[in-house]
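Reading through the structure tokens given below for one structure.
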Amino acid sequence: MMRMSTLMSKATTILSALLLLVATPALASSESGHLVNTTPDGKVDWTTGIATAHGIGIPPKNPASPLQAREMTRKAAWSVALRNLLEVVKGIHVSSTTTVSNYVTTNDEVRTKVEGFVKGARIVNEQEMPDGSYKTTVEMKLGGEFSNLVIPKVAPKSAPLAQYQKGPVSPPRSYTGLVVDARGLGARPALAPRLLNEQGEEAYSVAYVEQQATAEQGIVLYAPDPQSAESNPRVTNSPLLVRALRAQGTQKTDLIISDADAQTIHGVPEHFKFLKQAKVLVILDQK
């Protein structure tokens, strides 16, 4: 009887340990709350605005020494990682009709500068494999100078849309940023999306953002759920949450919002100010 009790105690202990192991990865996921698009050799984290890629380097045949073999393999892995990162970056949508690849293939100056940004990517991990090969991971920021390079230059819009300035609006509270829920619409992320009112006029775009804000952080970030969006420091502690009516454009990166929501944003000077500061975040489905 005592032996049976001991066995049952051990079984309970083992079961508890197994349940803990199963639960731990989900809780420890480093990408929880991030909207990430993945490719075979890399990814774009639209919540942090960072593109990442990895490359594998194979040891050379008949090297002069083990040290030479190691250095050549590391260099090969780095080179492959940069090549893969360039492909990841070229696939990024700038607007609803344009990708980075469109600019790279039609403008030699842009191509040279994009390749320069990629070559300057930061190495975030190097791993030597048991067979002597190397795996290298690199990353680069999509905001700042890179965004300024690929986002089209447009005339700035320093004032709210005229139809929303007809009379003062007394909102129930003062908001510190804008969160647009676009789940279920098939919308996709982009570097320069637009928010349009029901008449198709721009309620938010790169034209509304001050140059300094664009240079520092881009014009929008993305998240996969309301909790992650509303707690993001980009929109601070009291964002206005609105629901997009539909996605528009070839790649569905532009979003239509209601006239009432556009009125709340453009009719209140404090709210229009957070557009100029690019305090805008969009919730999309995680695919």
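The values are calculated or read from the model by the stated rules, or taken from the named source; none is laboratory data. As the structure is a computational prediction, the values presented were derived from the model and not from experiment. Here Cβ is always computed from backbone atoms with ideal geometry, including for glycine, and neighbour counts include all displayed protein chains. We work out accessible area using only protein heavy atoms, side chains counted, and drop any ligands, DNA or RNA first. Shrake-Rupley method; radii C 1.70, N 1.55, O 1.52, S 1.80 Å.
Name the residues in the stretch 257-287 that are under 24 Å from Gly186 (Cβ atoms), surrounded by fewer than 21 Cβ atoms within 10 Å (Cβ to Cβ) and out of contact with any Pro (no Cβ under 8 Å at 6 or more places or on another chain), would you?
Passing the criteria: Ser258, Asp259, Ala260, Lys287.
Considering only residues that are open to solvent by less than 70 Å² (accessible area, probe 1.4 Å) and in contact with a Phe, Trp or Tyr (Cβ under 6 Å, 6 or more places away or on another chain), which ones fall in the stretch 141-161?
The initial filter retains those residues of the stretch 141-161 that are open to solvent by less than 70 Å² (accessible area, probe 1.4 Å), namely 142-144, 146-152, 159-161.
Within the stretch 141-161, Phe146, Val150, Pro160 meet the criteria.
Are there any pairs, at least 6 apart or on different chains, whose C-beta atoms fall under 6 Å, with the first in the stretch 200-213 and among the hydrophobic types (A, V, I, L, M, F, W, C) and the second open to solvent by 20 Å² or more (accessible area, probe 1.4 Å), and if so, which?
Ala207/Val154; Ala207/Pro156; Ala207/Lys157; Ala213/Gln277
Per-residue answers, yes or no, for (1) closer than 21 Å to Gly91 by Cβ; (2) open to solvent by less than 40 Å² (accessible area, probe 1.4 Å); (3) modelled with pLDDT of 95 or more; (4) among the polar types (S, T, N, Q):
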{"residue": "Arg188", "(1), (2), (3), (4)": "yes, no, yes, no"}
{"residue": "Pro193", "(1), (2), (3), (4)": "yes, yes, yes, no"}
{"residue": "Glu201", "(1), (2), (3), (4)": "no, no, yes, no"}
{"residue": "Glu210", "(1), (2), (3), (4)": "no, no, no, no"}
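Matching residues to (1) under 26 Å from Ala247 (Cβ atoms); (2) modelled with pLDDT under 95; (3) open to solvent by 10 Å² or more (accessible area, probe 1.4 Å); (4) among the hydrophobic types (A, V, I, L, M, F, W, C):
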| position | (1), (2), (3), (4) |
| --- | --- |
| Trp46 | yes, no, yes, yes |
| Leu86 | no, no, yes, yes |
| Val114 | no, no, no, yes |
| Gly132 | no, yes, yes, no |
| Thr137 | no, no, yes, no |
